[in-house]
Amino acid sequence: MQIPLEISFHGVSRSDWSEAYIREQAARLERFCDNIISCRVAVEQPHHHQHTGNPYRVRIEVRIPPNKDLVATEEPTQVEKESYLQPVIRAAFQAMERQLKEAVERRREAVQTPMSEEQPRALVVRLFREQDYGFIKTPEGREFYFHKHSVLHDDFERLEIGTEVRFVPEMGEMGPQASTVQIVNKPGARESAESPRRDDIPPGWRNA
């Protein structure tokens, strides 16, 4: 995970075994998705249930590229006289595993689908390599954020200012973002003497 696992307890005593079990289950998630950004786990005992037994609620929040949040919450519907925390934790993580499998499968299908000529094109205008993200700009002047893991074929390191890409536009929490980013041309490869000059090409990108 890019960000260390966060575990919190509310109305429930923290114990070594419960924290160790949560860390074990969280590590399993990376078997289904190897580029998890963050994972937060909250274990709580809702106040309105305390008089009906000893139920627990476990909420898991996982973020995966491109800034997609998955949430799984487990709370027993049937309150036994004596409830146990471990099966509630396990059920919450099983629910999250199913969501991750579905998300990874959808991404795999998108990668296997040939890129369409109708998909918009843009140029890389800003890169923040150490933070694993950048921005692209369309000929119409629209800018889109993209994350390293949104670049197909692990090509993020090949990107440069001026690289032309095709992408799928989406609306993220912070505004427009690009997914399924694929390199079309490296800088200097797109314009030739026979092709018209384009105003959206950054200075220094044109062939000599």
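The values are calculated or read from the model by the stated rules, or taken from the named source; none is laboratory data. Note that this is a predicted model, so its numbers are computed, not measured. Cβ atoms come from the backbone with ideal geometry, glycine included; neighbour counts cover every protein chain shown.
For this structure, a couple of remarks:
- Qualifying residues in the range 65-92 (those that are at pLDDT 85 or above and among the β-branched types (Val, Ile, Thr)) - the one surrounded by the fewest Cβ atoms within 10 Å (Cβ to Cβ): VAL71
- Some residue of the range 162-171 being at pLDDT 85 or above and either part of a loop (DSSP other than H, G, I, E, B) or out of contact with any strand residue (DSSP E or B) (no Cβ under 7 Å at 6 or more places or on another chain) (or both): yes
- Restricting attention to the range 139-148, the residues that are farther than 23 Å from ARG63 by Cα and crowded, with 17+ Cβ neighbours inside 10 Å add up to 0.
- Close pairs from the range 8-24: first surrounded by 11 or more Cβ atoms within 10 Å (Cβ to Cβ), partner of a type in the set (Ser, Thr, Tyr), Cβ under 7 Å, at least 6 apart: VAL12/TYR56
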